[in-house]
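The values are calculated or read from the model by the stated rules, or taken from the named source; none is laboratory data. Predicted, not measured: the structure shown is a model, and the values here were computed from it. So basically every Cβ, Gly included, is an ideal-geometry build from the backbone, and we count neighbours across all protein chains shown. Accessible surface areas use protein heavy atoms only, side chains included; no ligands, DNA or RNA. Shrake-Rupley method; radii C 1.70, N 1.55, O 1.52, S 1.80 Å.
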Amino acid sequence: MSVEAVNAGTASASATPRAKASLRDLFDAQFEFVWRSVRRLGVDPAAADDATQEVFIVASRRLHDIEHGKERAFLFGTAVKVAADWRRGRARKPIIADTDAVERGSDSSIAADELTDQLRAREVLDKLLDEMDNDLRTVFVLFELEEMTMAEIASMLELPAGTVASRLRRARADWMERVARYRARAGTGSTL
Amino acid sequence: MIEPSRLRDSGDATDRALLGAAVSDAPSAASRAEIAGRLGISFDGGGGPSDPSAPSSGASSVASGSASWGTLLIGLGAIGTVALTVSVMQSNDVVVPPSEPPPVAQPPLLPPTQAQPIASSDPPLIGEPSISERLETRSTQPAHRIRTAVPAIVTTEATLADELAAIDIARNLLPHEPSAAMAQLDAYRQNFPRQRFAQEATVVRIEALIASGDRPRAEALGTAFLEQHGNSPPATRVRRLISHD
């Protein structure tokens, strides 16, 4: 069998029912986690759906490699790669504002000015995370936003526990410094 | 390992406001249905977490709550969306790339001019009153959809897909031509210096070495892999491949 023949077969192959069922289970369990991960890893709100889809496309082709209990680690690792690609592409494209945020994360009982505050807070959060070193940001996001334990983070990222603790400590110091700088720039006393 | 308290609980008002804002940044039920449709898998509207590897975190409960709220409040408009998505899934079982979305119906759109004041992206102005305290006390449950137009998006470069395809070629060569599979992996290493799927490539190489009868090298490579990536997703597979059981 030639490489070309194999390549052609791969390109046209469709998933088996069993593979589709596995992908569906994975999607049902991890969709929100993947979506949040690509967002917090720097993917623009308007591109988060596509980036999430790309993560699951990769997963669909790697299903046989994903060990039971390592699903989240695999998806997060893929999300890191997809987000890194996206950030590189963004450098060449204009940033798209989060015009779709209202439909995603708002309560109908929240007034417009309150919602605007939420969106602004989210923009500031995105900006501060964007400025962080990628390694620090990853640990910070998993601990502070995904509420994973340090042991879980160490397992997921294949890092020694001490490295996770050290990165988290540095990430928090970095975060506090950036927030303080942001406050100073915004000219307010203690908050946004 | 001593776990520090989280800034969302122990930080100041700004920390809580900023980090709390992330909680409300969740995907819509329509996004979920649309992506499921594009992937060619049926959509489970319940969205309950069932991942064995998922940590028992607040984030997962927030996420499942988000899906429920979104589903509830999108209402009848979403039923049409889901129904159409299902029909798309039935007719299109092949995973399609992000650049080729199926024609999924959307709820009625509000003209951008109606949504703009709410979805303002202007940065906070200097001297504006604090929003931290107000944000802290608000509900962050997702709810009513006000759909606005989203520009066409091009996300990632094609290289991820290219890399995957290269590894798939090697994997498909494995059963009949393990030496060709290894040649393909060499080509992968040469053509994609960044090797973002290096772990997967190593697993295929170990399988190719075993298939070609070179078990000592397979075991050496597998052992080296496990020393470096003993906790990685493919580690169990590698252990199984090089075990003598």
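Only one entry of A:LEU168, A:LEU159 meets the criterion of being at pLDDT below 95 and open to solvent by less than 50 Å² (accessible area, probe 1.4 Å), and that entry is A:LEU159. A single entry from B:ALA224, B:ALA208, B:ALA218, B:ALA187 fulfils the requirement of being part of a helix (DSSP H, G or I), small (Gly, Ala, Ser) and either open to solvent by 50 Å² or more (accessible area, probe 1.4 Å) or within 12 Å of chain A (Cβ to nearest Cβ) (or both): B:ALA187. Scan region A:136-144 and give yes if some residue there is open to solvent by 10 Å² or more (accessible area, probe 1.4 Å), facing chain B (nearest Cβ under 9 Å) and either assigned to a helix (DSSP H, G or I) or at pLDDT below 85 (or both), otherwise no. There is no residue in region A:136-144 that is open to solvent by 10 Å² or more (accessible area, probe 1.4 Å), facing chain B (nearest Cβ under 9 Å) and either assigned to a helix (DSSP H, G or I) or at pLDDT below 85 (or both). With respect to B:ALA181, is the statement that it is buried (at least 20 other Cβ atoms within 10 Å of the Cβ), on the phi < 0 side of the Ramachandran plot and not hydroxyl-bearing (Ser, Thr, Tyr) true? Yes: the conditions hold for B:ALA181.
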